[in-house]
1. Of A:179, B:116, how do they rank once you tally other Cβ atoms within 10 Å and put the fewest first?
2. Under the classification rounded if a/c is under 1.5, otherwise prolate if a/b is larger than b/c and oblate if not, where does the protein assembly as shown fall, given a ≥ b ≥ c as square roots of the Cα gyration tensor eigenvalues?
3. Give me B:27, B:345 sorted ascending by neighbouring Cβ count inside 10 Å, so fewest comes first.
4. Label position 7 Å from Cα toward Cβ: report the copy-to-copy distances for residue C:239 in nm, one decimal, ordered from shortest.
5. Give the long-range amide H neighbours of residue A:53: residues separated by 5 or more places, or on another chain, with amide H under 5 Å away, using H modelled in the peptide plane at 1.01 Å from N.
6. Rounded, prolate or oblate: which one fits the stretch D:35-272, using the alpha carbon gyration tensor with axes a ≥ b ≥ c (rounded when a/c is under 1.5, else prolate when a/b beats b/c, else oblate)?
7. From the label point of residue C:347, set 7 Å from Cα along Cα→Cβ, how far away are the matching label points in the other copies, in nm, ordered shortest to longest?
8. What residues have an amide H closer than 5 Å to that of residue D:160, excluding those fewer than 5 places away on the same chain, when H is modeled at 1.01 Å from N in the peptide plane?
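What follows is calculated from the coordinates using simple rules that are stated; it is not laboratory data. None of these values were measured; they are calculated from a predicted model. A quick note on method: Cβ atoms are made from the backbone with ideal geometry, for glycine too, and the neighbour counts reach across all protein chains shown.
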Number of protein chains: 4
Amino acid sequence: MTKDPTGSRQTRHELSDQAASPRFLASDNTSGICPQALEYLLAANRGDVPAYGNDDWTARASNRFRELFETDCEVFFVFNGTAANSLALATLCQPYQSVICHQLAHIETDECGGPEFFSNGAKLLSVPGDDGKVAPLDVERMVVRRRDIHYPQPRALSITQSTEVGTLYRPDELAALREMADRHGLKVHMDGARFANACAALDLPPRALSWEAGVDVLCFSGTKNGTAVGEAVIFFDRELARGFEYRCKQAGQLASKMRFIAAPWLGLIETGAWCTNAVHANAMARHLGTGLEQLGLTPMFPVQANAVFVDLPAKAQRYLKDKGWTFYTFIGDGGARFVCAWDTSKEAVDALLEDVRAGLAGVGMQSAG
Amino acid sequence: MTKDPTGSRQTRHELSDQAASPRFLASDNTSGICPQALEYLLAANRGDVPAYGNDDWTARASNRFRELFETDCEVFFVFNGTAANSLALATLCQPYQSVICHQLAHIETDECGGPEFFSNGAKLLSVPGDDGKVAPLDVERMVVRRRDIHYPQPRALSITQSTEVGTLYRPDELAALREMADRHGLKVHMDGARFANACAALDLPPRALSWEAGVDVLCFSGTKNGTAVGEAVIFFDRELARGFEYRCKQAGQLASKMRFIAAPWLGLIETGAWCTNAVHANAMARHLGTGLEQLGLTPMFPVQANAVFVDLPAKAQRYLKDKGWTFYTFIGDGGARFVCAWDTSKEAVDALLEDVRAGLAGVGMQSAG
Amino acid sequence: MTKDPTGSRQTRHELSDQAASPRFLASDNTSGICPQALEYLLAANRGDVPAYGNDDWTARASNRFRELFETDCEVFFVFNGTAANSLALATLCQPYQSVICHQLAHIETDECGGPEFFSNGAKLLSVPGDDGKVAPLDVERMVVRRRDIHYPQPRALSITQSTEVGTLYRPDELAALREMADRHGLKVHMDGARFANACAALDLPPRALSWEAGVDVLCFSGTKNGTAVGEAVIFFDRELARGFEYRCKQAGQLASKMRFIAAPWLGLIETGAWCTNAVHANAMARHLGTGLEQLGLTPMFPVQANAVFVDLPAKAQRYLKDKGWTFYTFIGDGGARFVCAWDTSKEAVDALLEDVRAGLAGVGMQSAG
Amino acid sequence: MTKDPTGSRQTRHELSDQAASPRFLASDNTSGICPQALEYLLAANRGDVPAYGNDDWTARASNRFRELFETDCEVFFVFNGTAANSLALATLCQPYQSVICHQLAHIETDECGGPEFFSNGAKLLSVPGDDGKVAPLDVERMVVRRRDIHYPQPRALSITQSTEVGTLYRPDELAALREMADRHGLKVHMDGARFANACAALDLPPRALSWEAGVDVLCFSGTKNGTAVGEAVIFFDRELARGFEYRCKQAGQLASKMRFIAAPWLGLIETGAWCTNAVHANAMARHLGTGLEQLGLTPMFPVQANAVFVDLPAKAQRYLKDKGWTFYTFIGDGGARFVCAWDTSKEAVDALLEDVRAGLAGVGMQSAG
């Protein structure tokens, strides 16, 4: 994207220097294509097939999603998460309506105005909430505080599962949000950038965390789960999907060689890798969280999926970066985020923990380990 | 994308029934990933790298583009052609401005309003023109016919190289358009969905058909040239590129795993496949065009790149479709479009010609062959 | 708006030099506020009233519209015609849909991309048509020629009554268009910039040219009919009006002092001036048209409402402009447009005719008068 | 706008029941046209003039603005404040950029997403701040906290003068904001819904609170100052105004009968009413504020312009509403807002104070008066 490989124009927060492969924990999108997705991608590369999703791979993948979710949902593939979330919200909202979300929601903090762009002006109304979760009463508060036409009509509730801080909504929490949404005529959108991690962590089938729990449209990430590119937008309320294929086309989200998005997804589902990848990433995060606690560091949020947030002294952070670890830091408050992926190894986590121990020692902090 | 693999919702024009691999001539986007692009994709899959284009593959690919174009251009990768063209035009135009283009231009006929969507309202002013090419005087006519504020200010000229009907602009034709553009303060955008085919056909280096010929921004297609996904947007006027990375991000066109777009492009360039693929596709189109002429059929436009347009009797078209050939037809006027790709074989073309001969015979038409 | 009173930046086509009052025939928007509208405006200026349309004047005006149209329609006031038409179309269409209209429609030629802007990308598909009128079969042709997702889904038919060239749709013509619209799932929008002139000319009540004839939403101009500012957007299909008040607010079309739009409208309706103004303007146009014919000039279109189009030799046009007449000319083809308003006097028309005679004589043309 | 004159769909917050004229203190937009503006409006109604701002009234008004501001600024008239602010911000920002403003700013709280709509997605980044004012360090904090492409690039600072809570920025405060804006490449927009009140209160010429203090573009309200409709958008950085007339046209903000916006503005300036109206309104607010203090009620913010905010017991509020007073209340915290206008009489304020006294007595509160 840029001439300069340090690429400051595209770096989010303070990204650590890049180093040898195993030291990437900044996000689950630094990993490559998992073997199962790759196998299907290569299989799909034989010969010619119709473009724009009129091929068997796309049909098969769509049908597999319906089996996986145990319902006759509508499935669309788009290129990335910004587009998936933004197009889904643009479908739910008119430009003069609004979306209620957590103040840490990716759509609010990290899409550079994507939802506002795709919807042509729908406003995000953000609420605080413990552990990165939206509480039903805060949803209601945003709806009822204004009823006049100068205030953009609340029309959708957007929640992230697992959340931006690596926590989870349980089915009963989702049900309570759905009930509140129904009370106020809101549609429910789920940003499932790490939906697989949620299913794996809660040991629940996809249906239990989506349509059974009241989700109208789910954006399910393949990229973070092990593919190269491509997210699934899944409408459980099929009426909402009307015209969505045109919306994707116009917005530059219709892949001509769709098979290369669909086939890897099919691989994830047919081999079960969508789940085993998540199980592994979650386990690595738990291992890291436990290790950090043993070093006397209390994670900032419960480690429930594949992310670990922890307060680290600045010197310790510097030490880790000098060692080549990548992770996001939050300026001003010492927070560090580590995300595990399908390819994060136990050895890497152990090495990180060892370096954390050394980094802390260097700053004169006692470890409990 | 849809449950039904025949996918009528996504079919453009009348797409013939799909069949065994070698019979796909509807478009160059039915082909798969070429070996060179695939080799680099696989190489790029080793280990973790930074996301969002802050990786070495992206830096290397960008630099290779600068070498290929022999100038210090700005290079960005986006997912597909709709996005590439629409984002480039949104950069050139304010919402109240307009884009002059050929009435057959893809941005006018086949983007479902994409340019209007991304630019938030910039209008396309289309002009006729022989052989799918815009003539300088028609550009001027669109500029001078109105000067009032009720008419969207012309701000960009968009041309397609090779054109939508498989013809070519020569460098002197491009220079004449540039001169006219300068006279009226227009920026020049080139839709290079088949730019490689133009370079190959004219045996000219990329610079001669882009910045040397006055192009400000080129959308260079990788997908049609042999990759799975991803187009390059190349700004020769670097000032125009300011902020484009944000524009891409907001519009859902920033790949997190950018290496999987960049590396295949690097493969195309480093191995020269970007050109050899095009040379091959052009040769196959020429072979087809010549063969059709020998059957007494005159192509509707000069066969200069990788597409062949020809009038075929309806019964002959039906015969070909029954034989499993895919091609686009133009309702009402009997026109058929055949497009050759990097993987179109001489055997396939010969087989098609044989079937055309038989199909024509079936409708009682004499062939000259 | 600009420092320079000749204001070339804002002039449409070639506007003649401005001169003493009676010589304005460029458009019906050069006239002022008619007495009846002014009387109500002044009455409405007594004391304070609630803002944003929550006042009695707005309620009364809205109810009077319901009486005038003899149906329980939804009525909204916006500031001008660009906004009225664009917001109405944005309500009918998603960004990926399209509007079929005449190629001379104001929304296509004179809104500077307004409909595309408000709708965030809906495309206008324009058709030719005799006497500025859309023919049902041309509507169908635009719908059926493409069915794929690369083509923006036709969703609305927009017609102008009276047309841009001063002609009229009869009720049976409107009914035929409605039937075609129903066949293809299109909503019907009417640009009623000169709707009053149509009612007056056809001597039909408003219902007969709107909802009875199948119009879903009508944009009824007050400005051209005698007010200072403000158009009525009238939804006969009330379901379509849902949320329209928010749409207006967001788009900068909610007047805080709404009474100053509503009261003059009320004046037009309660006094009958909406109709008598139109009757007068139409009569003046007929008088002008007849006079031109007597001079040997055949109007380019039937003179059915308040506009007259006629071919005038360039020298005659120059003569008229030197005499201070304002009118629009159409570059390159010698056409001149004269529009009569509520305040156009018979004396002015006679003076114009006299000057036309002199101007023609000056260019050596025989007059039949 | 609606059939029901109580018009709940359009009511902001809890608007009190409407009553006889003098009891309107909800906003300065419930007042009518002041005599000076009306006189010019009537004068402008003589005869025909060119449309779209190509008339003498518009030229004269524009020139008067240049004299009033003592600089060669660019002046445009639009219909209302939502449009003025939103179009100005759309001019300053690309869709992927952002605007820093106070969390109480009208553009953030009361435009129903207007700025996001007109800019096609520019995000508002709101900051807290004492007395409704933005502090320079809070501007900096919003700029420096993120530098990555996932965060919409801060590009403009928007401030309101007088503020939403009736306070004022002094010239030195504006200068400090300008300095911070320059440090971070921000343009400065001023929402001057009550700019006249600020000039009057600080007894400073318009230049001292606009371009001399670093404002790039000012939206100066006529409606709240005594006209029927129409705001002036004034660019002191003339380069920023390039193409703004097209932007207005496309966005439905170009009045055909522009004289009826321009002439009343000319009246306000030539007669000095723009200032005397504000002086009067400010004096009435001061009188109200002082009176409330004498009743033992401390205004929530310093009363510096024409608005008074005060905590009132619910029963007292109810008492006032029963007496027919209109004012905005802020649900949940007992706050009430009273705004004085050019036509607010001392008698009305005294009557209000008397009713407040009675209302408070009814709830058993001691008054100091």
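1. Going from least to most buried by this count: A:179, B:116.
2. Oblate, because a/c is 1.5 or more while a/b does not exceed b/c.
3. Least crowded to most crowded, the residues run B:345, B:27.
4. 1.0, 5.3, 5.3
5. For residue A:53, the qualifying residues are A:258, A:259.
6. prolate
7. Here the equivalent label points are 4.6, 9.3, 10.2 nm apart from this one.
8. For residue D:160, whose amide H was placed from the backbone, the distant partners under 5 Å are D:191.
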